[in-house]
Each structure stands twice: as structure tokens, then as C-alpha cells.
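Presented below is the structure to which this report refers.
None of the figures in this text is laboratory data; all of them are computed from the coordinates on show. Since we're looking at a predicted model, the values are computed, not measured. Don't worry about glycine lacking a Cβ; one is built from the backbone with ideal geometry, like all the others, and counts go over all protein chains shown.
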Amino acid sequence: MRSLHRQVVTRRRFLQACACTAAAGMLGAMGYVVANAPLPPPYSESSAFQTSVADKPAPDAPILLVTNPKAQPSFGAYLGAILRAEGFVAFRVARLDAINAALLAQFPLVLLAAGPLTAEAADLFRAYVLNGGHLIAFRPDPRLADLMGVRVLGGEVTNGLLLVADHPLARGIVTRALQVHTPAAQYELAGAEPVAWIARRDGSPTSYPAVTVARAGKGVAALWSFDLPQNIALIRQGNPAAANQERDGLDGIRTTDLFVDWIDPDVIDVPQADEQQRLLANMVHALADALPLPRLWYLPAGAAAVLVATGDAHGIWAHHITPGIEIVERYGGTISVYYTTPAVSAQRRTVRRIQWWGETLPIIGHIFEERSGYPTPRLVEQWRERGHGFGLHPWVEKGVARGYNHAWNDFVKHGYGPAAPTVRTHRVLWSGWVDTAKVQAQYGIRMNLDYYHVGSVTRRPNGGYLEGYLVGSGLPLPFVDEQGNVLRVYQQHTHIVDEHQIAAFDHGYEMNLSVADAVALSRRQIDCAVERFPSALGLQSHFDPYAFSPEKAALERNWLDGILSHAAARGVAIMSAEQWLAFTEMRNQAEMRSLTWNETEGMLAFEAIVGAESQHALLLLLPLKHRQRFLRQVTIDGVLANTEQKRAGGVAYGAVALAAGRRQVRAYYG
């Protein structure tokens, strides 16, 4: 028996040596050097930005967005991203210098971004409204004040608040004062109706209107006294003047530093940015009344809310990752693993890669079994096939560009590539206002989860912690830089964070709640999203506690299970960040074309074009009421669709599932 055993071992070693020698021979000395040489980012710096629109659009939609490049900065393009976030995809975009009276006349509703106007341009918009057009203007040129039904007083309010008035256009919007970080022009009413007021720091209204609407000739003119899209960017992305400053007491410059003395703790439980853009959505719905204006619901069909499930993992073994994955799968969900590759030499990484490759060989693959315990490329592929994500978790202590390049190189050279298109940076360290996002775009990242509810910025002066919407939002929007250039990377907030709530990490800034109290807190936030504020709540459940100790593993397991069980019971979709990104991109790239309204028959007809990037269906919203008619039925490609009721802001809709493809939609009102 001993002789036979030695013979078998010798043979296995011989086969292993032969295979490794063959692999090394294929690689060669030069190949080894090339394979381990640092690779540059796969995408250029310029690829981080979305392409601006310059051509005259086709008038096949009811809304025209006019951007004004004379504004400094110019956030007109970001206004388009806000419209899409609100589900309005039936709009077209044109630059101010490309429009004329004939083009304007073909659109029932025009949105004019902030910026100065020449006398000629002002006359163009004045004639458009007086002849029956509907206009929404943001911090408009003073030449349009009388058209808007206001008088310019001069001066401006800084660091004010927005407080909605008792007006039909403000229905469904929270009645608490919301932050305005951009200067608001001071007007007095001269015929316009107030939709919202500028308020003082104590929440009491001033006499200065923030939002108005007025009849003018045959048309309607609405005004925002401040640059709404810029304000939404400032609420979401924090204070640009605080960039690269240590302000929150946590070691390292993080995303949270941008919100110190910026977020009002009294309204952190309200998605302020979302509520302000929903006020705009109410206005768009009301003023685009030439036809029943369709839009898309924020979330996948059938989902009351979304939990974007993620977990960071720092060079740990595969069997420390599987417990978290198994809990998520128990509730029919998927999760994104953000993985820091183990610190090994290039030589050891190459040998491990060869071993992992050898495992895939037929007949003799088992002799290459690699027992380090780290995730193998084959296991990672299996996770991905089950819908989970596996992506970068870079350390950037020595610089963002350097850190991302090292992390990406090590990730792909371990065989884990391609890197997932979503990411969270280790310790959520951040550079500039959006500089980190620009670097991430060079590595194919299209969704960022670095904005993180944690630390002293979420505490009241009395020491009490606050949960809610640090960035004022439960929805993804692309980043925008200081000049108003829109990036290709979405900002997705991480709202529910294990290391903030429970004592499994010993950081010193935890709330130190019991698991039961932490779960109850998270469940209340989920209930708020389901019942009041449609949201995709980012969830951070680290995998590391499963490697720390049985006690900390139990804390993490019970915390995660308690949250997911409640989410599943409430109809919340539990999705990996990659699946949520796929849905978000599909939704924002959807189109509605050739909208026509037959007044005699009460029929709205249009073509909906939806890509197939996501396994989740969109939900199409059609107003339940248009003027004095009510929605009776909806057909898609001639087939009667089942309709449920949804409310967005102050508007009631009939909602139907909308599958991918080119769909002919007919909505009948009577």
C-alpha cells in the first residue's frame, strides 16, 4: 500500500509539474513581464462625460428643454437628467442659439434653463407664451418678469428654504421647508399665483415667491426664482467649497465631509431633492395639458420599493462571502460583492492564476485544486450567473488615480474581470467634488455607491443619531461637475449601513444599537419608502464579520436577515447594484415617440421604445384624468393591459407593465 501511494503521489506531482511548465512556457519570460506590467485605464478621461445636444430636435414630443450656454455655470443638461429621473422621456433638447419661433410653436410646453437672454431671445419667448405656449423658466432673465406676473425687487436670498403654498400644483409635496443652496432672486407678485415661497431659517415664509404660475395672453408662464437643477445637484453632492477638506472627524477625506454644516438635520428624514423635482413634475404634468402626458414609474413593475443590496469584502476567503449571499438568496434577491483582492506578489498572483486555470482542464483539473480559500474566477462566474455582482473595492489612500489603477489591474490579473460597472471605494474616501467619479468612469464604472450614511454628520448637536436621506434622495441621478457637465456615472446613495448601526466593527462611530433596535430602525425606513417616498435604498452589509468571529458573524447574519425578511414581506425588490444599474439605464434610455391626441375619440397614441438591458419590466404611467375625461382602458400592441393605480407627487395615474421592445400604446379616455 505504501509503494502504491508513493507511485500515485509521484504521478500527480509529475502531471502538475508538466501542466505548470506548459503554462509557464506559453507565458514565457517576456509574457510574464507583459502580463504583470501596469495597464492604463481602458477609457479616456473625456469618456466620463455625456455628449451635449446641439442639433434642432424633431417635434415628435410635447416638451422642449432649452439649455442656455451663456449661463455660468450652465445646469440645463442636468435638468434633462432630472426630467428622466421623474419618468418624463417624451421631451427633446435644443440649445438657445438653435431655436426660432417656428420650432417653439411645435411644442406645447417649453422649459427654459437659467441664464441671460438677449432682447431678441426674450421677445421670442414672450411671443410664444402670448400666442398660447406654456413656459417654465428657471431664474429667468429680468426681461421676462412682467410675462411671469412678478416684479423684480433686486437682491437675492442666500441659504434660504422652499415652502410650498396651498396651491393645486403643490399637492402631494411635503409641507416642511426644504433647503435651497443656490441664490434666489427677490420678486414680488404682480398677478402671478404663488406655488411656493422662500422661507426663513425658522421655516416661516417671506414675502418673496419661490415658484409662481401666471396666465399671459393665451398661454401660461411659470417661474422658479432659483436654478432648480443646480440646487438639486448641491443637495445631492454636497458643498463644493468643502471639497478635499477634513470636516467630519473621521480619518480621511470622505464623501461625508461634503455634508458637514450642509444638511439640515430637521429634514434629513425627507428626500429634499426628490420632493423639489416632484414639484417640478407636478407643474410639467399640469402645463403639458395638450394631451395626457405619459411617464415612467421610478421602480420596476411590481416593486413597492427597491433595496440595492451590497457588501464590502476585504481580501477574505470565499466561504466568508457565501453566508451573506445565501441570506440574500433566501429572499429571492441578489447582492453586489465589492472585493479587495488579497495582497500578494505578482509572482504569487501568476502562479495562483495558473492553478485556477489548471482547475478548468478536463480529466486532470482536480490535481490543480488551489486551497488558499480565496474566490476563484470559476466561483465568481457562478455567482454572476446567479445574478450577483463582483466588483472593485479600491484602496485610494495614496491617490484616487493610482489606487483605482492598482485595484483594477490586480482585479483583472487575478482573473476576476471584467470589473463590475458599479463600485464602492474603501472607506468611501473622496477627491474633489466629483473628481473620483471622473476617475471611476475611466474604468467602466457607471454607478457609484460611495455616498454613505455614517458618522458624526448624521448626529444632532445633542448626540442623537438621525436616519434618512443624507443626500436628499432615494433615486439615482448622474453626477454633474461644477460647470454643469453631466457625467456617465450615476450617484446611488447607501442609506442603510451595518457599521453605522451595530457594534460588529469597533470603529468608535457606531450607533451601538442592539440588532433588534437596528432592524426596527431599518424597517421604518423601508416602510417610509413603500408608503411615502418611492426610493431605491442602498444597503451595506459587510462580509468581513463572517471572518471576524462567530459572535460578530451572528450579529451581521441576524441584522441582515431581519431587514431582508421585512423587505420581502412588503414587496420590496432586493437587487444587486448591477441589476439596479441595468434597470436604471434601461429606464432612462427609453423613448416615447410620435405622441398624438385624438380629441374626438379621447385616444392617446404613441410608440414606446424600451431596450432589453434589464430583466425587470418598466411601469408605464398614464394620467387617470385628463381635463374632464377619465382613463378607461390601455392597450399595448393591441392587447388590453391590466391597470393598477399609482400616485406620483400630486397626480394619480393608471399603471401598466411595459416590456422591452417597440410597443404601440393606446390609452382611451371617456
Could you work out Rg/(2.2 N^0.38 Å) for region 305-585, with Rg from alpha carbons only?
1.00
Taking Cα atoms only, helix 119-130 is inclined relative to the longest principal axis of the chain by an angle, in degrees rounded to 10, of 80 degrees
Tell me the angle of helix 228-237 to the major Cα principal axis of the chain, expressed in degrees between 0 and 90 and rounded to the nearest ten.
20 degrees
How far is helix 346-359 tilted, in degrees, relative to the longest principal axis of the Cα atoms in the chain, given as a value from 0 to 90 rounded to the nearest 10?
80 degrees
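Treating the beta-carbon of each Lys and Arg as +1 and of each Asp and Glu as -1, no other charges, what is the dipole magnitude of the chain about its Cα centre, to the nearest 20 debye?
Dipole size: approximately 1540 debye.
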Which residue, chosen from 72, 650, 490, occupies the Cα position most advanced towards the positive end of the dipole of the chain, where the dipole is computed from +1 (Lys, Arg) and -1 (Asp, Glu) charges on Cβ about the Cα centre?
490
How many percent of the alpha carbon pairs in region 366-464 exceed a separation of 17 Å?
59 percent
So how far apart, in nm, are the two label points at residue 514 and residue 156 if each is 7 Å from Cα heading toward Cβ?
5.2 nm
Over 32 Å between C-alpha atoms is what I'm after, so list which of 56/646; 70/398; 438/552; 438/625; 56/438; 438/646 land there.
56/646; 70/398; 438/552; 438/625; 438/646
In deg cm²/dmol and to the nearest 500, what is the mean residue ellipticity at 222 nm of the chain if only DSSP H runs of at least 4 residues count, each as -39500 (n - 2.57), divided by the residue total?
-9500 deg cm²/dmol
Environment charge at residue 245 (Cβ cut-off 15 Å; Lys +1, Arg +1, Asp -1, Glu -1):
-4
About the Cα centre of region 590-669, how large is the charge dipole given +1 on each Lys and Arg Cβ and -1 on each Asp and Glu Cβ? Please answer in debye to the nearest 20.
280 debye
(i) 28.5, 85; (ii) 29.5, 99; (iii) 27.4, 104, with the label sought being that of the calculated Rg and Dmax of the Cα atoms in Å
(iii)
Based on alpha-carbon atoms only, what is the radius of gyration of region 539-670 relative to the globular estimate 2.2 N^0.38 Å?
1.47
At residue 531 and residue 123, where each label point lies 7 Å from the Cα along Cα→Cβ, what is the point-to-point distance in nanometres?
5.8 nm
